[in-house]
Every structure is written in structure tokens, then in C-alpha cells.
1. For residues that are in contact with a Ser or Thr (Cβ under 6 Å, 6 or more places away or on another chain) and part of a helix (DSSP H, G or I), scanning just the range A:175-211, find the one that is nearest to the other protein chains (Cβ to nearest Cβ).
2. Can you pull out the residues in the range B:99-120 that are within 15 Å of the chain's Cα centre (by Cα), part of a helix (DSSP H, G or I) and crowded, with 24+ Cβ neighbours inside 10 Å?
3. Those residues that are crowded, with 17+ Cβ neighbours inside 10 Å and more than 13 Å from every other protein chain (Cβ to nearest Cβ), I need them from the range A:228-247; list them, please.
4. Can you find a residue that is assigned to a strand (DSSP E or B), over 21 Å from A:Asp262 (Cα atoms) and touching a strand residue (DSSP E or B) at 6+ places or on another chain (Cβ under 8 Å) anywhere in the range A:19-41?
5. Do any residues in the range A:130-148 that are more than 30 Å from A:Val40 (Cα to Cα) have Cβ atoms under 6 Å from those of residues that are of a type in the set (A, V, I, L, M) and modelled with pLDDT of 95 or more, where the two are at least six apart or on different chains, and which pairs are they?
6. Would you confirm, using the coordinates I've provided, whether A:Ile263 is touching a Lys or Arg at 6+ places or on another chain (Cβ under 6 Å) and within 14 Å of chain B (Cβ to nearest Cβ)?
7. When the residues of the range B:154-163 are narrowed to those that are surrounded by 16 or more Cβ atoms within 10 Å (Cβ to Cβ) and not in a loop (DSSP other than H, G, I, E, B), which ends up nearest to the other protein chains (Cβ to nearest Cβ)?
8. From the list A:Val166, A:Val139, pick out the single residue that is under 20 Å from A:Phe199 (Cβ atoms), buried (at least 19 other Cβ atoms within 10 Å of the Cβ), touching a Leu at 6+ places or on another chain (Cβ under 7 Å) and more than 10 Å from chain B (Cβ to nearest Cβ).
2 protein chains.
Amino acid sequence: MDNRAIGVFDSGLGGLTAVRRLHEIMPDENIIYFGDTGRVPYGTRGRDTIIKYTRQDIRFLLERDLKAIVVACNTASAAALDTVRGEFDVPIFGTVEPSCEKARQVTKNGRIGVIGTAATVRSDIFVRSLRALDSALTVTTRACPLFVPLVENGRVARGDVVIETVVREYLQPMKDAGVDTLVLGCTHYPLLHDVIADFMGAGVTLVDSGAEAANAVRRAVTPAAHTHGQTQYFVSDDPDSFTQLARLFLQEDVTERAALVDIAAY
Amino acid sequence: MDNRAIGVFDSGLGGLTAVRRLHEIMPDENIIYFGDTGRVPYGTRGRDTIIKYTRQDIRFLLERDLKAIVVACNTASAAALDTVRGEFDVPIFGTVEPSCEKARQVTKNGRIGVIGTAATVRSDIFVRSLRALDSALTVTTRACPLFVPLVENGRVARGDVVIETVVREYLQPMKDAGVDTLVLGCTHYPLLHDVIADFMGAGVTLVDSGAEAANAVRRAVTPAAHTHGQTQYFVSDDPDSFTQLARLFLQEDVTERAALVDIAAY
């Protein structure tokens with residue numbers, strides 16, 4: 001048994017969709033969450049900046065004694081993890097590999113779509129990882145830069161002409177490519193599950209990358225001996241605005257207050 | 001005559017709409033522009049974070065010998081300028097006062113609307129400044145949090161159902177309030193001039209806050225003795241992605257390469 005906590009970070013609060021999954025499948029674990037709300041979003045930034053921010057996020061979490069770190073941010077996983085993983089003496093789980101493995105398991109026609117931020121798609125790592133698993137897979141990728149601000153402004157409901165128009169524009173190429181599996185390669189996108197599923201149709205399976213990262217951690221780490229783990233939240237901008245948005249992603253009430261971190265000092 | 005440069009900063013590249021105005025009305029001035037592209041946007045962040053970032057932006061610019069600084073960011077002007085202005089020994093021009101003076105000059109019915117980011121509207125400074133000029137003015141404010149990401153994704157054209165739907169939602173209360181003057185209290189918004197003007201109708205005057213800040217500088221500073229000033233650009237994220245977006249806001253080709261700044265070190 002291993003009672004050390006699991007560290008989780010994201011550029012903002014989207015990574016809480018991975019925490020939600022950890023709460024479901026590993027309820028006994030202690031979790032330390034850091035959301036870089038003072039510098040969110042990462043997905044529009046250049047690679048060097050994403051690498052620098054990812055290093056700082058990991059250094060902050062490693063002030064605690066952790067048994068694993070989850071990069072619950074596809075942008076950081078895609079653009080930075082290969083570069084920084086070897087610099088730290090802790091197992092680090094990203095979203096890319098487990099999502100690709102899941103997509104390969106569920107596809108029947110071998111045509112997989114991947115959507116994410118501009119930086120995630122530019123990194124091309126989902127294409128390389130899927131091809132490494134099976135060189136016969138056909139992979140279609142598409143950056144969806146308006147999805148994050150639309151989710152953060154609550155534009156997620158069926159019948160909203162704004163989100164439905166943007167979903168149609170971004171995902172028509174996925175339909176045209178005949179994908180039967182679509183990786184939601186950003187931890188904000190599970191909140192768009194219904195409108196995306198409606199547009200893509202019943203024959204397309206959606207893969208939740210944050211949930212797959214959580215599943216990978218469960219398969220790999222030694223569980224805690226105690227029961228009823230606790231989650232501590234840290235952010236780099238106003239902790240008071242954390243609670244409201246956190247509820248959106250966790251789908252549960254948040255009673256814990258987040259603590260403020262000066263992340264640029266790490 | 002005073003040949004020292006004018007410093008201009010913004011959370012990102014929206015402030016280039018103010019530089020565009022400076023190029024028009026003060027073509028002989030040297031300009032140093034800093035865009036905090038590594039931490040953009042400011043408008044969604046808490047007040048303490050905006051104050052911290054604003055201080056760092058000013059400290060960076062003051063490494064040069066400047067005759068004035070323009071805060072070409074309504075969020076920083078609204079949330080931070082009153083706090084930090086007295087800490088620095090240089091004239092600092094924000095967007096709020098000159099925009100309010102202009103709005104008061106042009107309104108005929110005394111009903112003025114102000115739109116901006118969440119942080120700008122929360123600060124309530126436009127309301128206080130307008131009331132200080134004339135306590136009989138009726139002021140209606142509205143945060144428009146989707147305008148910045150929509151502009152940055154090029155959703156600015158007439159006929160785009162996404163921007164037209166969002167404009168209608170955000171600005172219907174302005175129409176209902178009967179405003180005859182609308183302050184575009186964010187330096188991204190001039191790119192939405194046409195769709196906003198179409199919706200508000202010919203009887204409503206739009207006030208460009210970045211241009212008004214530039215006008216205020218011209219009225220106050222001693223001009224340069226040389227002719228044909230030069231503009232240097234600095235950013236805190238990938239300089240290579242600067243040129244393309246800069247063209248959007250400057251409405252002119254940008255041949256200068258931007259230089260990278262580690263702004264968190266200031």
C-alpha cells in the first residue's frame with residue numbers, strides 16, 4: 001500500500017474532469033490539484049512557453065511527496081511531456097498514450113478523429129502515437145480553438161445556435177472522413193459531450209482523454225491503505241472564483257477553498 | 001522637443017489598435033510596444049493578478065527612457081491603474097478617462113453604454129468616471145467575455161451567425177436602455193466595429209477607447225524633433241506567431257520581428 005497523494009495539474013480547471021474520474025474509480029486516494037488559472041489557456045501559446053509552464057507546474061506539485069503526477073491537460077501532455085518527463089523522478093501520466101490506446105481498442109473501421117487545442121494539434125503527437133500502435137489507422141485531426149472559451153462561458157447546451165454552429169464547422173471534416181471514434185483531446189471537451197454526440201451520430205464513440213489518463217493511473221499505481229481520500233486545490237489566480245467554475249467540471253459541490261500559488265516562482 | 005520613446009503595453013495584441021492610431025496622429029514618434037502574449041487574456045482574471053501583471057509590464061517598459069506610457073488595455077486601465085500609477089515616475093495614460101470624456105462630449109441624450117471584459121465591468125470605474133464628469137449621465141455596462149476569443153479567431157465579419165448571435169445577446173440591453181453612445185471598452189473591439197454598428201444602428205456613436213488613449217497622449221506630450229519614428233515590438237510568447245495576428249490589429253504589414261521577454265522576471 002502507498003498512502004502518498006496523486007498530483008494532478010491542468011492549465012486551468014478543465015483537468016477537474018480527470019479528478020472527477022479519479023474520485024469515481026479511486027475514492028480512497030488523496031489528490032493534490034493545481035490549476036494554472038493565472039496563465040490559462042495554454043492551447044493558444046507557443047511550444048517553449050508551454051514547456052516552461054509545465055516544468056513549473058510539476059516543480060510546484062513535487063514539493064509534496066507524490067506517488068504519481070497526472071498531466072490532465074492535453075496541451076501540456078502533447079507539447080511538453082516528452083521533453084520534461086525525464087527531468088523528474090516520479091511517474092508522470094499524460095493524456096495522449098491512454099487515449100490513443102482506448103481509441104485503437106474501440107475503433108472498428110480504423111478511422112479515428114482527434115480534436116484539441118491549436119498547440120495539441122500542431123504537436124502532431126496523437127497522429128504519431130496512434131500510428132505507432134497500428135500503422136494502418138487513418139487519423140484525422142482538427143484544432144477547435146473556440147471550444148474552450150465557449151465551454152468557460154457556459155455555451156454547452158443543445159439548442160444553442162452558437163455552440164451548434166461551431167461544432168458543425170469544426171466536426172464536419174470528421175464526419176466527411178468517416179471516423180467511428182473521436183478523441184476529445186482537451187479536458188474541457190467532455191462538457192460538450194451531448195452536442196458533439198448529437199452531431200457525430202450514434203455510430204461514433206467519444207473517448208474522454210482526462211478519464212483515460214485517470215484509468216491509466218489506476219492500472220499503474222499502488223493504492224492507498226486509508227479510506228476516503230481528500231482533495232486539496234491550488235490555483236494561480238483568485239481562489240474565490242474557483243468554486244463556481246469547479247462545480248461545472250467536477251459535477252459535484254466543492255466545499256474546499258483553493259489556495260493561491262505564485263507559480264512563476266517555481 | 002523630446003525624442004524619448006512612448007511605451008505602450010497590452011495583455012496581448014489588441015493594444016495594437018492604439019499603436020495604429022499613434023502611427024496616424026504622431027508618425028514621428030518612436031514607440032516601444034509590449035504585448036503580454038504569454039499571459040493573455042487579463043480580462044478573465046482576478047484584480048490582484050491584473051495588478052501584479054500590470055506592474056511587471058510597466059517595469060519592463062521603464063528599462064528604456066520613456067516620456068510616457070500608454071496602458072492600451074482596458075482591463076489593466078480599469079482594474080490596476082489607480083493602484084499602480086503613483087508607484088512610477090513617468091506619465092501613464094489609460095483608456096478610461098479619455099474614453100469617458102469623449103463619450104460625454106458626443107452623447108446627446110445622456111445615456112451611455114460601456115462594454116468590456118468581465119474584469120473591466122466588475123471594476124465599475126467607467127461608471128464612476130462618467131458620473132464624476134456629469135452626475136446626470138445614465139450609464140449601462142455589460143461584460144462581453146466571448147468577444148475577445150471570437151475576434152482572435154477571426155469571427156468579425158458581417159453575416160457570420162456566431163458573432164451576430166453573440167452581438168445581439170450582449171448588446172440588446174444597450175438598445176433597450178436607449179444609449180446613443182457606446183464605449184468599446186476593450187482594444188479588441190474595434191475589429192467588431194461593423195457588426196456592432198449594424199446592430200446598434202446609425203443613431204449610436206461608437207467610442208474607440210484605444211484611439212482615445214492615443215489622442216490623450218498627443219494632447220499631453222512634447223513631440224519628437226526627428227521625423228519618421230520607429231516601432232519596436234516585444235512579446236512574452238513565441239515571437240514567430242506575432243506577425244500574423246499583429247497585421248489584423250494594425251491593419252498594416254509588420255516587417256519588424258518581435259523580441260521575446262521573460263516578463264515574470266520583472
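1. Restricting to residues being in contact with a Ser or Thr (Cβ under 6 Å, 6 or more places away or on another chain) and part of a helix (DSSP H, G or I), the top hit is A:Pro190.
2. So in the range B:99-120, the residues within 15 Å of the chain's Cα centre (by Cα) come out as B:99-100, B:102, B:114-120.
Restricting the remaining residues to those that are part of a helix (DSSP H, G or I) gives B:99-100, B:102, B:118-120.
Once the filter is applied, which keeps residues that are within 15 Å of the chain's Cα centre (by Cα), part of a helix (DSSP H, G or I) and crowded, with 24+ Cβ neighbours inside 10 Å, the range B:99-120 yields B:Ser99, B:Cys100, B:Ala119, B:Thr120.
3. Residues satisfying the conditions are A:Gly229, A:Thr231, A:Tyr233, A:Phe234, A:Ala246.
4. Of the range A:19-41, the ones assigned to a strand (DSSP E or B) are A:31-35.
From the residues that got through so far, the ones that are over 21 Å from A:Asp262 (Cα atoms) too are none.
No, there is no match, as no residue in the range A:19-41 is assigned to a strand (DSSP E or B), over 21 Å from A:Asp262 (Cα atoms) and touching a strand residue (DSSP E or B) at 6+ places or on another chain (Cβ under 8 Å).
5. A:Leu137/A:Ile112; A:Leu137/A:Leu130
6. Values: touching a Lys or Arg at 6+ places or on another chain (Cβ under 6 Å): no; within 14 Å of chain B (Cβ to nearest Cβ): yes.
Against the criterion (touching a Lys or Arg at 6+ places or on another chain (Cβ under 6 Å) and within 14 Å of chain B (Cβ to nearest Cβ)), A:Ile263 does not qualify.
7. Kept after step one, since they are surrounded by 16 or more Cβ atoms within 10 Å (Cβ to Cβ), are these residues of the range B:154-163: B:155-156, B:160, B:162-163.
Those left that are additionally not in a loop (DSSP other than H, G, I, E, B): B:162-163.
Numbers: B:Val162: 5, B:Ile163: 9 Å.
Out of the qualifying residues, it is B:Val162.
8. Numbers: A:Val166 fails: more than 10 Å from chain B (Cβ to nearest Cβ).
Being under 20 Å from A:Phe199 (Cβ atoms), buried (at least 19 other Cβ atoms within 10 Å of the Cβ), touching a Leu at 6+ places or on another chain (Cβ under 7 Å) and more than 10 Å from chain B (Cβ to nearest Cβ) holds for just one of A:Val166, A:Val139, which is A:Val139.
The values are calculated or read from the model by the stated rules, or taken from the named source; none is laboratory data. For clarity, every value in this text was computed on a predicted model and none was experimentally measured. As a convention, Cβ positions derive from the backbone with ideal geometry for all residues, glycine included, and neighbour counts pool all protein chains shown.
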